[in-house]
Amino acid sequence: MHRNYYAIIPANVRYDKDLNQGAKLLYGEITALSNEKGYCWAGNSYFAELYGKNKSTIARWIQQLEDKGYITREIIYKKGSHEIESRHIKIRSENAPTLKNETTPSLKNETTPSLKNEIDNNTFINNTNNNIKDKCRKQVYDESSVYFRLANRLYERILENNPNHKKPNLQKWANDVRLMMERDKRTEKQITYLIDWCQNDNFWKANILSTGKLREKFDQLIMQVKSKVEKEKPQHPKVYVYDINAGED
């Protein structure tokens, strides 16, 4: 495993208060290992050995990065079986740094680089981070994407109940919708139905005021819907059949 590629941690990752420092360092390592093939193929065991942590800690760091939308994971199975062959971790395109030269930078002394080289390398990385800082602030989800449309649908339903509701960060809401669909395996139809249903319910319309809360209460809402549907079903009276000849000889 090569470790001599550039590692870049963009500003939005570096200053994300929801990420611990280990997850941020891991992001940089993933960018370095992605330079050769466009994805990182290293397993949790490699990272655990590299950072002196156990594999469960590495798994939590990767989970944090995925939940925040900074990386994606793809599991590759062996042909014709359910046995895992490899895992590919990719930097999401809107976060991926662009380097003019993705190959290993050449140094006059590769074993002991000079102070000047180290300063130049740090300056290069800092300049790159500054250049991509504005890019990271750009819209992540297109307004035509299903994630953004569903996020906006909830916001519009909330406005119907409270026209003065503060406008949320729809990009963050869209990311919550993505997690619902990709991680929780919710369908667009299910999410759409619950958005409309909860904003028509006297109790839930005051409690579901974000896609994050919708995701958190999703299963509970489904049970509520089912319960109300059962109560609204017409009750058929019981029919008793008597044998008028019963007891006769």
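The values are calculated or read from the model by the stated rules, or taken from the named source; none is laboratory data. If you're wondering where the values come from, they're calculated on a predicted model, not measured in any experiment. Cβ atoms come from the backbone with ideal geometry, glycine included; neighbour counts cover every protein chain shown. These area figures cover heavy atoms from the full protein model, side chains too; ligands, DNA and RNA do not enter into them. Shrake-Rupley method; radii C 1.70, N 1.55, O 1.52, S 1.80 Å.
Once you list every other residue whose beta carbon is under 13 Å from the beta carbon of H165, what net charge do they have if Lys and Arg are +1 and Asp and Glu are -1?
+2
Of K17/K53; K17/K172; K24/K53, which sit over 18 Å apart, Cα to Cα? Can you show the working numbers first?
Numbers: K17/K53 21 Å; K17/K172 15 Å; K24/K53 15 Å.
Where the Cα-Cα span goes over 18 Å, the pairs concerned are K17/K53.
State the percentage of accessible surface on region 23-68 attributable to carbon and sulfur atoms; use a 1.4 Å probe and exclude ligands, DNA and RNA.
The computed percentage sits at 47.
Could you give P(r) for region 148-214, binned at 5 Å from zero, as whole percent values over all Cα-Cα pairs?
4, 19, 32, 26, 14, 4, 0
Let me know the charge dipole size of region 181-220 about its Cα centre in debye, to the nearest 20, where only the beta-carbon of Lys, Arg (+1) and Asp, Glu (-1) is charged.
For this selection, approximately 60 debye.
Between E85 and K226, what is the spin-label point distance in nm, taking each point 7 Å from the Cα along the Cα→C-beta axis?
Those two pseudo-labels are separated by 3.9 nm.
Compute the convex hull volume of the Cα atoms of region 1-81, divide it by the residue count, and report the result per residue in Å³ as a whole number.
Hull volume over Cα atoms, normalised by residue count, gives 111 Å³.
Count the net charge of all other residues whose Cβ sits under 14 Å from the Cβ of Q199, scoring Lys and Arg as +1 and Asp and Glu as -1.
On the way: positive: R153, R157, K205, K213, K217; negative: E156, E160, D196, D201.
Its environment carries a net charge of +1.
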